[in-house]
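Remarks on the structure that follows.
What follows draws every value from the coordinates through simple rules; no lab data is involved. Since we're looking at a predicted model, the values are computed, not measured. Neighbour counts run over all protein chains shown; Cβ positions are idealised from the backbone, glycine included.
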Amino acid sequence: MALPEIWSEFVLVGDRLEPEYITERLGLSPSRGGRVGDPIIAGKGKRLTNAWILSIGPERSYALDEQIDRLVAQLKPKTGEIARLRVDLEVEARLYCAVYVADETPEIRFSPGAVAWAGEIGASVGVDLYIGADEAYLRPPLRISGSPPH
């Protein structure tokens, strides 16, 4: 049985956002970032706004909640700074995940701690679920996780 691929990311987006400035203020290197007009999704389309993105995955695992918690753990020490940046630069914060279903759909849930943290910084929460479609062009390179199924 094939495990699903899961992918989690924290995103700051906005017209006034400068990715290098966010990196400097947070003291964290993004997984990727971009500016208006940069190509996105394997060159299919152009970015409509500036973005700073920290992500984990994709990984083959059922443990989406654990992956999200690992991402939040990296960001939690920067909670106050993220909240200030969101207001000062008028940027949107997003906690987002994607699930590419293989044989079974994993349980899709967020821990209370992840939900509370997202609320504290004013982040939206989103999930994309891909079932039976060939969305390979959307996926970054795969990493294998040792997480057991729930």
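Considering only 64, 48, 95, the Gaussian network model of the chain with Cα springs below 10 Å gives its largest mean-square fluctuation to 48.
In terms of its C-alpha gyration tensor, the range 5-141 has an oblate overall shape, because the principal axis ratio a/c (a ≥ b ≥ c, square roots of the eigenvalues) is not below 1.5 and a/b does not outweigh b/c. Of 65, 15, the sequence from fewest to most neighbouring Cβ atoms within 10 angstrom is 15, 65. Against the chain, whose longest principal axis comes from its Cα atoms, helix 79-88 is set at around 60 degrees. Charge dipole (Cα centre; +1 on Lys/Arg Cβ, -1 on Asp/Glu Cβ; no other charges) of the chain amounts to roughly 360 debye.
Sort the range 42-88 into rounded, prolate or oblate with this rule: let a ≥ b ≥ c be the square roots of the eigenvalues of the Cα gyration tensor; rounded if a/c is under 1.5, and if a/c is not under 1.5, prolate when a/b is larger than b/c, oblate otherwise. Here the range 42-88 falls in the oblate category. Taking the DSSP bridge list for the chain and keeping only pairs wholly inside it, about 70 percent are antiparallel.
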